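The values are calculated or read from the model by the stated rules, or taken from the named source; none is laboratory data. Quantities reported herein were computed from a predicted structural model and do not represent experimental measurements. Every residue, glycine as well, gets a Cβ built from its backbone with ideal geometry; the counts of neighbours run over all protein chains shown. Calculation scope for accessible area: heavy atoms of the full protein, side chains included, ligands and nucleic acids excluded. Shrake-Rupley method; radii C 1.70, N 1.55, O 1.52, S 1.80 Å.
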Amino acid sequence: MSPDISKPKLLLIITTAICLMMIFALYQKSASMSRNPLTTLISSAVCSSIQTEDKDLTFIGTSTVTVNPNMTLDQADIAFFNFVSNLHFICENSIRLGNTLDGGWDMCIAEPYRPKDQCLVYSFGINNDFSFDDAISRKFNCTVRAFDPSMRAGNHRRSDKVWFYKIGVGGSDTVYPWNNWTMKTFPSFVSSFGETEKIIDYLKMDIESSEWPSLVAMLEGDTLSRVKQFGVEIHMGNLKVQTLYQRYVLLKRLEDAGFRRWYFARNYYALRKTKNGFRSCCYEIVYINSRFLKT
């Protein structure tokens with residue numbers, strides 16, 4: 001070693017180089033997945049790491065973006081979008097299960113999130129597209145419980161591993177009088193199947209804005225603590241500041257429960273350009289439950 005370079009200086013140089021490499025890799029990953037690269041980089045200004053079981057899963061950092069009810073609508077829109085599009089992890093070992101576009105879902109298969117024997121999946125919102133359910137059952141031999149009250153088909157066994165139920169998930173156990181749909185909360189479903197002590201490897205939810213009341217019920221109790229990975233499409237609608245704030249608080253509660261974003265994508269079927277940037281009707285987000293990581 002050169003006498004002009006002390007060990008602390010050398011360590012600083014090496015650490016800085018690693019951070020720059022991580023930021024460059026993150027930028028490429030962000031651009032390829034259609035999120036805002038600059039926003040993600042700002043939230044990850046400090047390179048961080050935690051011990052995981054798989055080198056393909058890298059902790060980026062935590063976001064300091066917040067939404068508050070005193071913001072203007074433009075400020076709340078920008079803050080909310082920055083919040084949901086910022087990632088906590090990069091999962092280099094992931095696959096797309098089901099259709100390439102709408103109907104398919106991304107799954108992180110870095111350890112400890114790769115499904116094992118007797119894996120279990122809950123899939124809410126089918127709309128006659130079982131591509132995700134069929135794919136995950138075939139590839140990993142998972143038992144899949146698929147739900148959708150809007151389909152004409154009744155309860156049936158689609159295959160050896162895929163079961164369909166004409167019932168929906170919501171914020172309470174009820175029957176909607178206007179369409180006669182039977183609805184249950186997620187904890188009620190898990191309890192009714194006798195699976196309260198089982199690990200749910202993937203929870204998928206694409207239920208046309210019903211995710212918001214469903215999330216409220218899901219966060220009550222500890223049912224979500226046994227969910228390894230959670231894929232949800234959030235639907236925006238015509239928003240007000242108070243609505244954006246309430247949804248921010250709800251998703252922040254999900255983070256407080258241990259869930260961390262590793263995937264974000266806009267739904268391109270309703271993509272539009274606004275003065276605040278590109279926005280969509282809905283966004284796909286996939287979380288991993290960090291409680292399953294060894295730290």
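Of note:
- FRET efficiency, 1/(1 + (r/R0)^6) with R0 22 Å, evaluated for LYS294 and GLU255 via beta carbons: 0.65
- Distance between the 7 Å Cα→Cβ label points at LYS55 and VAL216: 4.7 nm.
- A 1.4 Å probe over all protein chains sorts ASP256, ASP117, ASP206 by accessible area into ASP117, ASP256, ASP206, starting with the largest.
- Selection of GluC sites (Glu not before Pro), segment 189-295, meeting DSSP coil and at most 10 other Cβ within 10 Å: GLU197
- With 5 Å bins beginning at zero, the pair-distance distribution over Cα atoms of segment 51-170 amounts to 2, 10, 15, 14, 14, 14, 13, 11, 5, 2, 0 %.
- Angstrom value of the Kirkwood radius, inverse mean 1/r, which spans all Cα pairs in segment 231-295: 13.3
- Checking every one of the trypsin sites (Lys or Arg not before Pro) in segment 190-259 against DSSP loop status and a limit of 16 other Cβ atoms within 10 Å picks out LYS198, LYS240.
- Checking every one of the trypsin sites (Lys or Arg not before Pro) in segment 60-147 against DSSP loop status and a limit of 15 other Cβ atoms within 10 Å picks out LYS116.
- Fully extending the segment from SER209 to PHE278 would add 22.8 nm, taking 0.36 nm per residue of separation and subtracting the current Cα-Cα distance.
- Summary of the geometry: segment 184-229 and segment 59-134, compared by the centres of their Cα atoms, lie 15 Å apart.
- Where the Cα pairs of segment 143-295 fall when distances are cut into 10 Å bins, in %: 10, 36, 36, 16, 2
- All lysines inside 24 Å of LYS55 as judged from Cα atoms, apart from same-chain residues fewer than 8 positions distant: LYS29, LYS116, LYS139, LYS228, LYS294
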